[in-house]
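Step one of this worksheet: look at the structure below.
The values are calculated or read from the model by the stated rules, or taken from the named source; none is laboratory data. None of the values given here were measured: they were computed from a predicted structure. Counting neighbours? That spans all protein chains shown, and the Cβs are built from the backbone with ideal geometry, glycine included. Protein only, heavy atoms only, side chains kept; ligands, DNA and RNA dropped before computing areas. Shrake-Rupley method; radii C 1.70, N 1.55, O 1.52, S 1.80 Å.
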Amino acid sequence: MNIILLGPPGAGKGTQAARLVDERGMVQLSTGDMLRAAVKAGTPVGLQAKAVMEAGELVSDAIVSALIGERLDSTDAQGGAIFDGYPRTQAQAEALDRLLDERGQKLDHVIELAVDEEALVDRITGRFTCASCGEGYHDRYKQPLKAGTCDVCGSHEFKRRADDNEESVRTRMAEYRGKTAPILPYYDAKGVVRRVDGMASVETVSKAIDEVLDA
Ligand code: AP5
């Protein structure tokens, strides 16, 4: 099954994708994660993407579609994938159709996480993760049980994304409104869009997504 999780920054795409990986053994293809790995490794793609990402703008369509194309050829993605943060433009949506078509696959669902943008600024600017195992925390909603110690692995190192400041978040929201939300009619016309209330609790959102996948 191939599904797209679509929604603005902080809508919960990564949270839900990680859960689907854990609970259903699905494969998560996050262009944001791929780009951050490239930045960290200092690859040519990473060097091009770093400043663009920190400013909250979109990396070029050619780069992200090439990253997705490479990953679709990995053995673990042969049975389908969760596209998290891709596509983000009309050109990327059309590229994904071609990439799936070339591999004899099709898109099953586009799950739109409908959210309130102001609440998202608060969600994003407060989040941080364990630098060792990646467990997610939040300044106000989910502090480690013992201050300064990761609940999962015991590490004392935490990190925040370079683009999780208010200025970048506002730019990321504007990019979503201007370039990503306009691709919804393209998918509406194909009859694959399923809308889920992304402002509900993580558990309620999970349940709504499960209902779509199991229908
Ligand atoms: P990317 O990494 O994709 O970031 P994003 O879209 O901005 O999304 P986030 O990861 O910030 O949010 P999310 O929806 O995954 O929310 P999360 O689950 O973490 O992209 C980063 C950058 O890379 C882009 O700006 C761009 O530069 C570049 N890029 C990536 N893909 C690209 C592409 N295709 N084309 C061009 N450029 C690209 O949740 C957020 C917080 O909320 C967490 O703290 C979480 O615990 C909490 N939370 C989640 N769900 C709930 C809930 N239901 N209730 C309460 N809290 C919740």
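Quick one: which residue in 51, 37 is more than 8 Å from the ligand (Cβ to nearest atom), small (Gly, Ala, Ser), open to solvent by 30 Å² or more (accessible area, probe 1.4 Å) and farther than 22 Å from residue 177 by Cα? I'd like the intermediate steps shown before the answer.
Working: 51 fails: farther than 22 Å from residue 177 by Cα.
37 is the lone residue from the list that is more than 8 Å from the ligand (Cβ to nearest atom), small (Gly, Ala, Ser), open to solvent by 30 Å² or more (accessible area, probe 1.4 Å) and farther than 22 Å from residue 177 by Cα.
Going by the conditions given, is residue 17 in contact (Cβ under 8 Å) with a residue 24 or more places away in the chain, outside any loop (DSSP other than H, G, I, E, B), within 29 Å of residue 205 (Cα to Cα) and touching a strand residue (DSSP E or B) at 6+ places or on another chain (Cβ under 6 Å)? Yes: the conditions hold for residue 17. Filtered by the rule that a residue be more than 9 Å from the ligand (Cβ to nearest atom), within 21 Å of the chain's Cα centre (by Cα) and in a loop (DSSP other than H, G, I, E, B), region 142-177 gives 160, 162, 165. In this structure, residue 166 qualifies as in contact with a helix residue (DSSP H, G or I) (Cβ under 8 Å, 6 or more places away or on another chain), farther than 29 Å from residue 81 by Cα and open to solvent by 70 Å² or more (accessible area, probe 1.4 Å). Out of region 74-109, which residues are open to solvent by 30 Å² or more (accessible area, probe 1.4 Å) and either aromatic (Phe, Trp, Tyr) or under 15 Å from the mean Cα position of the chain (by Cα) (or both)? Selection gives 88 alone.
Of the candidates 57, 117, the single residue that is surrounded by 15 or more Cβ atoms within 10 Å (Cβ to Cβ), of a type in the set (Asp, Glu), within 17 Å of the chain's Cα centre (by Cα) and more than 10 Å from the ligand (Cβ to nearest atom) is 117. The set of residues from region 191-215 being near the ligand (Cβ under 9 Å from one of its atoms), assigned to a loop (DSSP other than H, G, I, E, B) and surrounded by fewer than 12 Cβ atoms within 10 Å (Cβ to Cβ) comprises just one member, 201. When region 101-114 is filtered for residues that are away from the ligand (no atom under 16 Å from the Cβ), touching a strand residue (DSSP E or B) at 6+ places or on another chain (Cβ under 9 Å) and among the charged types (D, E, K, R), only 108 remains. Is it the case that region 146-156 has a residue that's hydrophobic (A, V, I, L, M, F, W, C) and free of Cβ contacts under 8 Å to residues at least 12 places away in the same chain? Checked against the condition, which is being hydrophobic (A, V, I, L, M, F, W, C) and free of Cβ contacts under 8 Å to residues at least 12 places away in the same chain, region 146-156 yields at least one hit. Looking only at residues in region 178-190 that are more than 13 Å from the ligand (Cβ to nearest atom) and assigned to a helix (DSSP H, G or I), the one that is surrounded by the most Cβ atoms within 10 Å (Cβ to Cβ) is 187. When region 178-194 is filtered for residues that are over 16 Å from the mean Cα position of the chain (by Cα) and not aliphatic (A, V, I, L, M), the ones remaining, listed by number, are 178, 182, 185, 186, 187, 188, 190, 191, 194.
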